[in-house]
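Remarks on the structure that follows.
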There are 6 protein chains.
Amino acid sequence: MIQDDVTVAPETLDLLRQVSTATITTQLIKNHGLRSRSIRGVKPIDPARAKFVGPAYTLRYVPAREDLSLGGKRPLRVNPAQTAIDAIPAGSVMVIDMNGDTDVGALGDILIARLVFRGAAGVVADGGMRDIDPVRQMTLPVFCRGFGAPPSFASLLVAETQGVIGCGGVLVIPGDIVVADADGVVVIPRYLADQVARDGDEQERMEAWVRRKVDAGAPVGEVYPPNHRYLSEYQAWVAAGRPEGG
Amino acid sequence: MIQDDVTVAPETLDLLRQVSTATITTQLIKNHGLRSRSIRGVKPIDPARAKFVGPAYTLRYVPAREDLSLGGKRPLRVNPAQTAIDAIPAGSVMVIDMNGDTDVGALGDILIARLVFRGAAGVVADGGMRDIDPVRQMTLPVFCRGFGAPPSFASLLVAETQGVIGCGGVLVIPGDIVVADADGVVVIPRYLADQVARDGDEQERMEAWVRRKVDAGAPVGEVYPPNHRYLSEYQAWVAAGRPEGG
Amino acid sequence: MIQDDVTVAPETLDLLRQVSTATITTQLIKNHGLRSRSIRGVKPIDPARAKFVGPAYTLRYVPAREDLSLGGKRPLRVNPAQTAIDAIPAGSVMVIDMNGDTDVGALGDILIARLVFRGAAGVVADGGMRDIDPVRQMTLPVFCRGFGAPPSFASLLVAETQGVIGCGGVLVIPGDIVVADADGVVVIPRYLADQVARDGDEQERMEAWVRRKVDAGAPVGEVYPPNHRYLSEYQAWVAAGRPEGG
Amino acid sequence: MIQDDVTVAPETLDLLRQVSTATITTQLIKNHGLRSRSIRGVKPIDPARAKFVGPAYTLRYVPAREDLSLGGKRPLRVNPAQTAIDAIPAGSVMVIDMNGDTDVGALGDILIARLVFRGAAGVVADGGMRDIDPVRQMTLPVFCRGFGAPPSFASLLVAETQGVIGCGGVLVIPGDIVVADADGVVVIPRYLADQVARDGDEQERMEAWVRRKVDAGAPVGEVYPPNHRYLSEYQAWVAAGRPEGG
Amino acid sequence: MIQDDVTVAPETLDLLRQVSTATITTQLIKNHGLRSRSIRGVKPIDPARAKFVGPAYTLRYVPAREDLSLGGKRPLRVNPAQTAIDAIPAGSVMVIDMNGDTDVGALGDILIARLVFRGAAGVVADGGMRDIDPVRQMTLPVFCRGFGAPPSFASLLVAETQGVIGCGGVLVIPGDIVVADADGVVVIPRYLADQVARDGDEQERMEAWVRRKVDAGAPVGEVYPPNHRYLSEYQAWVAAGRPEGG
Amino acid sequence: MIQDDVTVAPETLDLLRQVSTATITTQLIKNHGLRSRSIRGVKPIDPARAKFVGPAYTLRYVPAREDLSLGGKRPLRVNPAQTAIDAIPAGSVMVIDMNGDTDVGALGDILIARLVFRGAAGVVADGGMRDIDPVRQMTLPVFCRGFGAPPSFASLLVAETQGVIGCGGVLVIPGDIVVADADGVVVIPRYLADQVARDGDEQERMEAWVRRKVDAGAPVGEVYPPNHRYLSEYQAWVAAGRPEGG
């Protein structure tokens, strides 16, 4: 019922790799009225490895029932998380709805090793992760709410893969474009990805110019956003081909 | 993947109507090891109208995206909540996963009027309700976390009906047996409903006898649970056909 | 800097007295894009005395410093809350920013008796109230987050009266129109009050008609909102002067 | 190590029965610097039955371990809660440290029936209670944070009786004087009980006089607290033997 | 109404630079009865750059209203945050009341670059910051509650500059002395700054001596605080001019 | 009443030093049904110094009463925390029940220096620590919920040492075996320590083999847990003496 079938070009993803989540959220709010696209409460396990861009591949957990869990009286025979991890397309971002549970860890080093092998771009979970020490040694950027030593089956079961989910207060449709950096994780509807990428890129070029002015002493009340005089100066600089030092 | 196709007999539902949620949770924990079957944080809108028993009929909300909501740029044309409410079987309990959101109200008086017309047994939502004054005048027992005047589309969208959900920390599979009273709401897996009903009924008969003993001055350390002497007395009373005043 | 000097006509306030907060929040979101105008987390002390409409008169508390409080080493000589309460115009609603603190009670029976004498329309505080038993006997509708026996100076000081405040997540400018009922409290910018009152009134007339249809068995998927057929029927009924029983 | 062996006279308890918790907390803060004596987050099950005064009799719960609980592999043979309830002296208030847990109910109707038989004055728990419907029919005032159908052994074990505990942010030493009404519950150290009772009684006599003045139109800025003129008037009224209507 | 006009000498600020926040909070509680002067929930963006001392320069946010925000229908023309940042005196600490909101970032790299240019000493906000990667490269110590990519106008508006605010549970009057290190941020009333600086400095000299004793095996029960024997030894050491190795 | 007198062999502690908390929690849930043995919400001050194993030595704080604290009117003469710290046996882990309070710091550098001198293995507190900069320079692994500059007496008092406590939702009996690493802290009942150590060691050997298979491309759906084919291969590898590269 909730769908978005627009195809996103590889060039759009490349352009988004140059744009910060601070810029993208500004674009989504100011130009498109989307105020709730930043996933709440997640942090990168390694702040130095927080950047990625890719389409969302979703997993949804629900509360466990003790008899259905590993070690219970009627354990489920198939673990959909494993099937999903074995099938994730290269470049995708696994987005996990844990309903905020940080008492357990959704994925440990073995499942994340498989995501690395499959070429996943990143992981975002609004709950806990485990095996943090080995995971920190691996190349995959992982955002989560905390660390939990117990396995996910201690309190959660996978209900569904590739469904529409909520993650940290954000609606995530499989295929939405997920962008992450040190500030956090933002989710762009596919039909807006191209416009947000181009407008965001232009915003960042102007802000880099503004930052140089501010570093040189320009008051933010005049230059950010630029008043008439500064806007003319900026436009002249753009017309001149954005010469270095400008 | 998570399923439970056992059929529950009408007699079982009738028997469960005699048993309190305090007793049912005791049975689920002590005899079946199920510790997480009581929905957290919900209260009846009217404490004097809190009792119901029936199979779960589920609805799942996710966070809204402003452009998909009523009044947005790309509003969804179909509202699955309406379809579900028009189709709910008589005797069912609508169980709603709102992820705890109490800033909005999931259902107002018009939708609840339709549930009354359809013969629903009750409503449980781990979020807010609205139109509380007219709803209080209606016959349907409703449990929720709070009251929110804004309509659900202010922050939520329906993602799915009749799927596996979490509600207040409890796994709910469509068809699970939902039992409510002033203490709260408990969800019984179908395959356990009959046994829980019968064992719970027996537990309550014994506890009524214990209560009479305690009111008469018996120390709880001897009678609750009954020690050897009191157990003999109880068994004699049962053997005698549970004569009144016993 | 944040201002709104529009005058609101008494007829608008009268019309708003006929409209529920559920309707007003729907109008504010759907027609004006204002999603955050419902005060979070407050409840009426007496659900049977929850209705009022009036302009906001604001009070802002900040955390206390022990030496400035009653009994401290440098107690403040003037209590701006008293000055404000002695000066509140008849018909106004006192809106109090307590930053969510429910460990104390902002107002007790003596201060509320003075508000009654002054003719205040209501009180809303995103924190605690005290002297609940005598306050329950009084005629003033009071919304709060909880009850706190300790006096406000145990953890709070008044910083300002009639300033711009936040209350339960809502921006409140002195003079904003505050409307309350059992669902909660909504705050309308003055410049929108007249339009919201008229559109809300029309929405409620249609919904009353819809409710009668639903009570008679119409599926909500067809009548709420009305499809083509029902809309024609509704318009004919309006054209006929809304005859009773319609 | 933390002790208070002062004996509290029955007359002091009688006087405290006339004084509200709002007054007592004011006395404790203003005259004795004790800011944290009001138990946070608890409410009476029945607001019309919220008043009691008596010495504290304490019970401390800690998190459960599944094997030690009823139904576990190594269940404890003695339940100290039962021993405590069978031994509580008449007039005492059972104060229970549940560490805020509202997922379970500490006491149900059978244990509370025993407290009634023993003549307990009240119960305060910073967690949940169960069997709410029958408990509401009983005469004992009970304050708690919420209702939880599951039995306490679902997540808690009793660690100790009559020890020093924390309850809702308040240090409670066995024997402390506990006073409750609709505003909440306050705990007075024994060595201060007599002075707080007498000073609180005098404060309430003056505030009743102030309230009459305010009801008659006196501004709170002049009469609460009384300025020079009103203070003289009050003192004259006291000197005259507090004649009615004063 | 709440004021403190004492002038703080530069020597006092210099002395406070030698004293830890752990020592200052001990002084404020033990000698002045001020228990609530440590800002709750904030952390330095870079723990290695957490130290600063300076007078408070305040900014107060309130919840946004969508029409007043950038991109709304009636955007405010003046942003008081910019005016404040352009005017902040060198050596000041910007203290921001965001009411705990971490969904957005109050300041990004351009505004912080301007604070650096103006010579600000530090920033403390009880909410989020953005552009974390470039901000980490800058020299200004920043304390906040979290990181939020969305711009502040997504949920907040500036209501006021240089007013009395609450920040993380602490009353902050413009000009109060703010001291920060890895343990957190403490706010000293001006009239106490000199005494706290001198007493804190003496406390730290003694504790350095105690630490050497503990490292050498002295039991804390004897030396911290020093008993009679250790106190004599300490006083002799002070009298001897605090020789090294003491 | 709650006791566990089993003696744990030094070899068991040595073996547990090789096993991760992720593995231990899996063992406790799957084989022993203990779901709540991981302390919630605590993190190591230095993630690179998070590993330790040792028996629990417990300390319990309760809320402070201002008159009993340092600087109050009736300060306690003995501080049981000091006595406990002076007496802790080498190799023990100090586990502190602060009821989640992070507004203060339980221990600072002087008390931790004493723990280092005594040879303690680690510290876990479900609240705050202070003097973080010097503590970071010390060798003792410390887990806590946050940093609080104010001394513990600002809001807490020690009620007891070596009693049964709750810490972060876990029942801790003095002598329980505490194991910590970057994922968190888990508490093992003594009577299970040996079995958990041996089974956990075997689980980790198999998982290391699985990880090598996954790194080489084996789908987790086949190898984790191993299906029939992989299990045979694993058993053959074990039978061959676990040759390197296997």
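The values are calculated or read from the model by the stated rules, or taken from the named source; none is laboratory data. Predicted model only: the values in this text are computed from it and were never measured. Ideal geometry is used to build each Cβ from the backbone, glycine not excepted, and the neighbour counts take in all protein chains shown. Remember, those area values only see protein heavy atoms, side chains included, never the ligands or the DNA or RNA. Shrake-Rupley method; radii C 1.70, N 1.55, O 1.52, S 1.80 Å.
Only one of these is open to solvent by less than 30 Å² (accessible area, probe 1.4 Å) and within 20 Å of B:Leu34 (Cα to Cα): D:Gly100, D:Gly122, D:Gly72, D:Gly127. Name it. Show your work before the answer.
Values: D:Gly100 fails: within 20 Å of B:Leu34 (Cα to Cα); D:Gly122 fails: within 20 Å of B:Leu34 (Cα to Cα); D:Gly127 fails: within 20 Å of B:Leu34 (Cα to Cα).
Residue meeting the stated conditions: D:Gly72.
Mind listing whichever residues of the stretch D:124-136 are over 21 Å from C:Phe147 (Cα atoms) and part of a loop (DSSP other than H, G, I, E, B)?
Within the stretch D:124-136, D:Arg130, D:Asp131 meet the criteria.
Quick test for you: out of B:Ala9, B:Ala84, B:Ala90, pick the one residue that is open to solvent by less than 10 Å² (accessible area, probe 1.4 Å) and at negative phi. Spell out how you get there, then give the answer.
Numbers: B:Ala9 fails: open to solvent by less than 10 Å² (accessible area, probe 1.4 Å); B:Ala90 fails: open to solvent by less than 10 Å² (accessible area, probe 1.4 Å).
Checking each option against the conditions leaves just B:Ala84.
Kindly indicate whether any position in the stretch A:27-37 is out of contact with any helix residue (DSSP H, G or I) (no Cβ under 6 Å at 6 or more places or on another chain) and of a type in the set (Val, Ile, Thr).
No, the stretch A:27-37 contains no residue that is out of contact with any helix residue (DSSP H, G or I) (no Cβ under 6 Å at 6 or more places or on another chain) and of a type in the set (Val, Ile, Thr).
Could you list all residues from the stretch C:95-123 that are over 16 Å from D:Val223 (Cβ atoms), within 13 Å of chain D (Cβ to nearest Cβ) and outside any loop (DSSP other than H, G, I, E, B)?
Hit for the stretch C:95-123 is C:Gly105, nothing else.
Here is a yes/no grid of residues against (1) within 21 Å of D:Arg145 (Cβ to Cβ); (2) touching a Ser or Thr at 6+ places or on another chain (Cβ under 8 Å); (3) at pLDDT 95 or above:
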{"position": "D:Val6", "(1), (2), (3)": "no, no, no"}
{"position": "D:Lys43", "(1), (2), (3)": "yes, no, yes"}
{"position": "D:Ile88", "(1), (2), (3)": "no, no, yes"}
{"position": "D:Val95", "(1), (2), (3)": "yes, yes, yes"}
{"position": "D:Asn99", "(1), (2), (3)": "yes, no, no"}
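Quick one: which residue in B:Gly163, B:Gly175 is farther than 21 Å from B:Asn99 by Cβ, part of a loop (DSSP other than H, G, I, E, B), at pLDDT 95 or above and more than 12 Å from chain C (Cβ to nearest Cβ)?
On the way: B:Gly163 fails: farther than 21 Å from B:Asn99 by Cβ.
Sole residue among the options that is farther than 21 Å from B:Asn99 by Cβ, part of a loop (DSSP other than H, G, I, E, B), at pLDDT 95 or above and more than 12 Å from chain C (Cβ to nearest Cβ): B:Gly175.
Does B:Asp215 meet the test of being buried (at least 20 other Cβ atoms within 10 Å of the Cβ) and modelled with pLDDT of 95 or more? Write out each step before concluding.
Numbers: buried (at least 20 other Cβ atoms within 10 Å of the Cβ): no; modelled with pLDDT of 95 or more: yes.
Criteria not met by B:Asp215.
When the stretch B:72-91 is examined, which residues are found to be assigned to a loop (DSSP other than H, G, I, E, B) and either free of Cβ contacts under 8 Å to residues at least 60 places away in the same chain or within 20 Å of the chain's Cα centre (by Cα) (or both)?
So in the stretch B:72-91, the residues assigned to a loop (DSSP other than H, G, I, E, B) come out as B:72-79, B:88-91.
Result: B:Gly72, B:Lys73, B:Arg74, B:Pro75, B:Arg77, B:Val78, B:Ile88, B:Pro89, B:Ala90, B:Gly91.
Could we say that D:Val53 is outside any helix (DSSP H, G or I), open to solvent by less than 60 Å² (accessible area, probe 1.4 Å) and among the hydrophobic types (A, V, I, L, M, F, W, C) here?
Values: outside any helix (DSSP H, G or I): yes; open to solvent by less than 60 Å² (accessible area, probe 1.4 Å): yes; among the hydrophobic types (A, V, I, L, M, F, W, C): yes.
In short, yes.
Only one of (1) touching a Ser or Thr at 6+ places or on another chain (Cβ under 8 Å); (2) assigned to a loop (DSSP other than H, G, I, E, B); (3) open to solvent by less than 10 Å² (accessible area, probe 1.4 Å) is not met by F:Leu34, so which one is it?
(1)
Take the residues in the stretch C:74-94 that are of a type outside the set (A, V, I, L, M, F, W, C) and more than 14 Å from chain D (Cβ to nearest Cβ), then tell me which one is nearest to C:Gly169 (Cα to Cα).
Residues of the stretch C:74-94 that are of a type outside the set (A, V, I, L, M, F, W, C), as a first pass: C:74-75, C:77, C:79-80, C:82-83, C:86, C:89, C:91-92.
Remaining after also requiring more than 14 Å from chain D (Cβ to nearest Cβ): C:74, C:89, C:91-92.
Values: C:Arg74: 33, C:Pro89: 25, C:Gly91: 24, C:Ser92: 21 Å.
Within the stretch C:74-94, the match that is nearest to C:Gly169 (Cα to Cα) is C:Ser92.
What are the residues in the stretch B:178-215 that are assigned to a loop (DSSP other than H, G, I, E, B) and within 15 Å of D:Asp109 (Cβ to Cβ), if any? Write out each step before concluding.
Taking the stretch B:178-215 and keeping what is assigned to a loop (DSSP other than H, G, I, E, B), we get B:182-183, B:189.
Within the stretch B:178-215, B:Ala182, B:Asp183 qualify.
Is it true that B:Thr139 is open to solvent by 30 Å² or more (accessible area, probe 1.4 Å), closer than 28 Å to A:Gly100 by Cα and outside any helix (DSSP H, G or I)?
Working: open to solvent by 30 Å² or more (accessible area, probe 1.4 Å): yes; closer than 28 Å to A:Gly100 by Cα: no; outside any helix (DSSP H, G or I): yes.
When the stated conditions are applied, B:Thr139 does not pass them.
I'd like the full set of residues that are open to solvent by less than 10 Å² (accessible area, probe 1.4 Å) and in a helix (DSSP H, G or I), limited to the stretch C:13-25. So that I can check it myself, show each step before the final result.
Here is the first cut: in the stretch C:13-25, the ones open to solvent by less than 10 Å² (accessible area, probe 1.4 Å) are C:16, C:19, C:21-25.
Within the stretch C:13-25, C:Leu16, C:Thr21, C:Ala22, C:Thr23, C:Ile24, C:Thr25 qualify.
Could you grab me the full set of residues in the stretch D:195-209 that are open to solvent by 70 Å² or more (accessible area, probe 1.4 Å) and of a type outside the set (Lys, Arg)?
Here is the first cut: in the stretch D:195-209, the residues open to solvent by 70 Å² or more (accessible area, probe 1.4 Å) are D:195, D:198, D:202, D:205.
Scanning the stretch D:195-209 gives D:Gln195, D:Glu202.
Hey, among the residues in the stretch A:218-244 that are outside any helix (DSSP H, G or I) and within 20 Å of E:Arg118 (Cβ to Cβ), which one's most open to solvent (accessible area, probe 1.4 Å)? First the steps, then the outcome.
Taking the stretch A:218-244 as the starting set, the residues that turn out to be outside any helix (DSSP H, G or I) are A:218-219, A:224-227, A:240-244.
After this cut, where a residue has to be within 20 Å of E:Arg118 (Cβ to Cβ) as well, the list is A:218-219, A:224-227.
On the way: A:Ala218: 9, A:Pro219: 34, A:Tyr224: 58, A:Pro225: 96, A:Pro226: 27, A:Asn227: 57 Å².
Applying the filter and picking the extreme gives A:Pro225.
Tell me the residue from A:Asp4, A:Asp109, A:Asp46 that is open to solvent by 30 Å² or more (accessible area, probe 1.4 Å), in contact with a Pro (Cβ under 8 Å, 6 or more places away or on another chain) and among the charged types (D, E, K, R), please. Walk me through how you get there before you give the answer.
On the way: A:Asp4 fails: open to solvent by 30 Å² or more (accessible area, probe 1.4 Å); A:Asp109 fails: open to solvent by 30 Å² or more (accessible area, probe 1.4 Å).
Testing whether each residue is open to solvent by 30 Å² or more (accessible area, probe 1.4 Å), in contact with a Pro (Cβ under 8 Å, 6 or more places away or on another chain) and among the charged types (D, E, K, R) leaves just A:Asp46.
Scan the stretch E:206-229 and report the pairs whose first residue is more than 16 Å from F:Leu70 (Cβ to Cβ) and facing another protein chain (nearest Cβ under 7 Å) and whose second residue is assigned to a loop (DSSP other than H, G, I, E, B) and open to solvent by 40 Å² or more (accessible area, probe 1.4 Å), with Cβ atoms within less than 8 Å and a gap of 6+ or a chain change.
Note: pairs meeting the criteria are E:Val214/E:Tyr224.
What is the residue count in the stretch B:148-160 for residues that are open to solvent by 20 Å² or more (accessible area, probe 1.4 Å), outside any loop (DSSP other than H, G, I, E, B) and either without any contact (Cβ under 8 Å) to a residue 24 or more places away in the chain or within 14 Å of chain C (Cβ to nearest Cβ) (or both)?
Pass one, the stretch B:148-160, residues open to solvent by 20 Å² or more (accessible area, probe 1.4 Å): B:152-153, B:155, B:160.
Next, only the ones that are outside any loop (DSSP other than H, G, I, E, B) stay: B:152-153, B:160.
Among the residues that remain, those that are also either without any contact (Cβ under 8 Å) to a residue 24 or more places away in the chain or within 14 Å of chain C (Cβ to nearest Cβ) (or both) are: B:152-153.
Of the residues in the stretch B:148-160, 2 are open to solvent by 20 Å² or more (accessible area, probe 1.4 Å), outside any loop (DSSP other than H, G, I, E, B) and either without any contact (Cβ under 8 Å) to a residue 24 or more places away in the chain or within 14 Å of chain C (Cβ to nearest Cβ) (or both).
Which condition does C:Gly71 not pass, out of (1) under 18 Å from C:Leu111 (Cβ atoms); (2) within 14 Å of chain D (Cβ to nearest Cβ), if it passes all the others?
Result: C:Gly71 passes all but (1).
Matching residues to (1) within 30 Å of B:Arg35 (Cα to Cα); (2) out of contact with any strand residue (DSSP E or B) (no Cβ under 7 Å at 6 or more places or on another chain); (3) more than 14 Å from chain E (Cβ to nearest Cβ):
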| position | (1), (2), (3) |
| --- | --- |
| F:Lys30 | yes, yes, yes |
| F:Ser36 | yes, no, yes |
| F:Val42 | yes, no, yes |
| F:Pro47 | no, yes, no |
| F:Lys51 | no, no, yes |
| F:Gly54 | no, no, yes |
| F:Val62 | yes, no, yes |
| F:Arg65 | no, no, no |
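Identify all residues within the stretch C:164-188 that are surrounded by fewer than 23 Cβ atoms within 10 Å (Cβ to Cβ) and in contact with a Gly (Cβ under 8 Å, 6 or more places away or on another chain); write none if there are none.
If the condition is that a residue be surrounded by fewer than 23 Cβ atoms within 10 Å (Cβ to Cβ) and in contact with a Gly (Cβ under 8 Å, 6 or more places away or on another chain), then C:Pro174 is the only one that fits.
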